[in-house]
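Below is one structure, written out as structure tokens, with a few remarks after it.
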Amino acid sequence: MNDFFQRRCSNRGLRVFWTLIVLPTFFFTIFETAFAADSAQQKKNVEAQARELETAGKKSADSPQAARSRLVQEINDGALPESEQGFFELSEEANDAQNWFDPVKLKELRAEALKTARRYREAWPDFPKIDVKKAESLGLRTVESGRILMYTDLPKSEEVDQIPEALDAAIPHICKFFEIDESRFDNLRVEAFLMGDVNPFIEIHALNGPPRFLYGYSKGDRIYAKDQKLGYYNRFLLLHELVHSLMHEIFGDLRPRWFSEGSAEYLALHEWDSKRKEIKIAQIPKSAESTPGFGRLRQIQEIVASKRAPTLFEILNFEPRDFVNVSTYSWSWAFVMFLNNSPKYKEIAEVLPYWSITEEPNRLFVDAIGERWNELENDWADFIGRIDYNYDFQASSIGAALKPSETEEVGDEARVEIDASRGWQDSGLRLHAGSSYRLACAGRFKFYLSEAKRVFDFEGTGATCQYAYGKPIGRLEAVVVPDTDELTFYQIYGIDDEESGKRPDNLSGFRFNAFQKMRASSNRTRFGENSSGFDDESALLEGSRTSRRGTGQFSLQAPLYNALYPWNSGVEFSTMTVRFTPSKTGKLYLRVNAISSDLKRNSGSIKVQIKPENTS
């Protein structure tokens, strides 16, 4: 390559040309091709970006003012993510998570955050006014409803022309979701651009050049979407961007990225009644048919099945560049939906938007979870293992058994009663590694069989006429969930080779230090580079894990989901009596295997007796 370069660059002018233009363009194109999906539209984006790089090289000697002007144009065109605009810090009290859950301080902090957020609006660049006559001459038309004015080159149709009505109808619901007075937006005027061909929009200066976003973008009171050929998904994309625009106006910056993108995805999932002109937002998907084009749920199911699900730590630390991958939107959406619908975490979800302009929003989140992190891991792992349409968060929430054991140790025998209409239930019992136990179930319960669309009497063995999650429907399951003091970080996340004990090469520098500021010294870590952005290495080296018994501190429990965490010991009741020898010491959980959306249709309970195997 060097010889090739020298032969063709015998004079200084050619060398400058290669250095400033050709080589940067070459390497940029390779990088973009490696990460972009293989579609015709994305190839056009790569070519457009290469041309912009060439222009940038020619203008490298521009004045600082000219550079700033180009930066504003790039922001307007979606070159920079919403969460990279900088932020204003609040008072020190705002950086203490506990203050956000004190009713008096919460009121003060919310007022301070909203006041500070208004300063962002002053920093937004002014947009040039659209020449409506020129737009019409280029084949664009306008559709207006309330606070929304939409420009589009798509032909007239009910699905397209009702989009402004749907967006305007969504604003009160978005305000209600965030507990914001709608009067704040009395003078709001949002310009929406739904584009089949971007060129006319460039000519009217709605865009300053070929857009760098692939689907949609928002900046200030302008929102953009490229035509997706599906009425629902076009409406979804513009709703997504409208949520960004309003969140930016209300809360200031959009940090952390997983929360801003997840919130926009979650609130944009909607039901639109075209006859009544009514909309419902923040919907749990009911079916693929009701949300055409929205493939997030299926994508998560496929990733979990392939055992490639990201850890919670990875989701919390998604960076802007990670969002070239659609799966990051899927995980962000799932986590925000999970937090907003899980009874245990809704209180945190309600204050998360205000943390956008605090010093470390992710740190506030970790501190707010506190000693419940092990519980969060379990709840999240169970959720992604069974995520499906019409997921019932309330019924699926992990909790105590209907009648847990009175003692933690099994002893001669112990009895537990399990509710058939709920998910995993803590028996209150602790089983020991290598010890054998006899588990016997008794009784009948009412179970809803979705394929038959009626309720049947079931026993603990379930029925093989229908399967859920690879197991007979209605079958009783048990799992022993070990404490993490029994496991390595890699085993916890299902990425360790237990036989060789080797660390995966592709996780160099990856570590989890979320518990560094907590009372218990429970850190799940990978020793290596200090690359996480959390605090010093000395805290990382705190590896001791303490038991709840004897110290008053807490121990972490590993997640429940067997397929992702294969070291869990589990057993199914294929007969009314089973024998169980767990490989790790831990808590015993039980549940009846059922589709989440059908759980509430079940009723009754099943009794389980647990004995040590050597007891007569």
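The values are calculated or read from the model by the stated rules, or taken from the named source; none is laboratory data. Quantities reported herein were computed from a predicted structural model and do not represent experimental measurements. Methodologically, a virtual Cβ is constructed for each residue, glycine included, from the backbone with ideal geometry; neighbour enumeration extends over all protein chains shown. To get the accessible areas, we keep the full protein, side chains included, count just its heavy atoms, and leave off ligands, DNA and RNA. Shrake-Rupley method; radii C 1.70, N 1.55, O 1.52, S 1.80 Å.
Odds and ends about this structure:
- Kirkwood Rh and Cα Rg combined as Rg/Rh, the stretch 145-255: 0.96
- Surrounding net charge for Ile606, when Lys and Arg each add one and Asp and Glu each subtract one, Cβ distance under 13 Å: +3
- Here the Karplus relation 6.51 cos²θ - 1.76 cosθ + 1.60, evaluated at θ = phi - 60°, turns the backbone of the stretch 568-581 into coupling constants of 5, 9, x, 8, 10, 8, 6, 10, 5, 10, 10, 10, 9, 10 Hz, with x for every Gly and Pro.
- For Arg475, the residues 5 or more places off, or on other chains, whose built amide H falls under 5 Å of its own are Ala463, Asn593.
- Available extension along the chain between Gln283 and Lys607 is 113.0 nm, counting 0.36 nm per residue and deducting the alpha carbon span.
- Once backbone amide H atoms are built at 1.01 Å from N, Leu429 has Ser405, Leu588 as its partners under 5 Å, excluding neighbours fewer than 5 places away on the same chain.
- Between the amide H of Glu278 and those of Asp273, distances stay under 5 Å, these residues lying 5 or more places away or on another chain, with hydrogens modeled in the peptide plane.
- With K and R counted +1 and D and E -1, the other residues having a Cβ less than 14 Å from that of Leu297 yield a net charge of 0.
- Dipole moment magnitude, nearest 20 debye, the stretch 290-382 about Cα centre, only Lys, Arg, Asp, Glu C-beta charged: 440
- Shown in residue order for the stretch 224-240 are the 3J(HN,Hα) couplings computed by the Karplus curve 6.51 cos²θ - 1.76 cosθ + 1.60 at θ = phi - 60°: 10, 8, 8, 4, 9, 6, 10, x, 4, 6, 4, 5, 4, 4, 5, 5, 3 Hz (x for Gly and Pro).
- Lys, Arg +1 and Asp, Glu -1 on Cβ, resulting dipole of the stretch 154-200 about Cα centre, debye, nearest 20: 100
- Pairwise FRET efficiency - Glu112 versus Arg141, Cβ, R0 = 45 Å, nearest 0.05: 0.55
- Couplings for the stretch 365-373, taken from phi via the Karplus curve 6.51 cos²θ - 1.76 cosθ + 1.60 with θ = phi - 60°, read 5, 4, 5, 5, 5, x, 6, 8, 4 Hz in order; Gly and Pro are left as x.
- Taking the protein heavy atoms of the stretch 361-479 in the context of the full set of protein chains, the accessible area attributed to carbon and sulfur is 45 percent at 1.4 Å.
- Taking Lys and Arg as +1 and Asp and Glu as -1, the other residues whose beta-carbon sits under 9 Å from that of Val571 total -1.
- Gain on full stretching of the segment that runs from Glu359 to Glu203 - 0.36 nm per residue minus C-alpha separation: 52.1 nm
- Length added when fully stretched, Ala433-Ser274, from 0.36 nm per residue minus Cα-Cα: 51.3 nm
- Note on Arg415/Thr581: beta-carbon distance plugged into 1/(1 + (r/R0)^6) with R0 of 22 Å gives a FRET efficiency of 0.60.
- Pairs exceeding a 22 Å alpha-carbon distance, out of Lys219/Lys277; Lys453/Lys607; Lys403/Lys611: Lys219/Lys277; Lys453/Lys607.
- A protection proxy built from the mean count of other Cβ atoms within 10 Å ranks the segments 280-292, 374-386, most packed first, as 374-386, 280-292.
- Only Cα pairs under 8 Å and 6+ residues apart enter the sum, and on that basis the relative contact order of the stretch 131-240 stands at 26 percent.
- The listed peptides 175-183, 227-235, ordered by packing as a protection proxy, come out as 227-235, 175-183 (highest mean of other Cβ atoms within 10 Å first).
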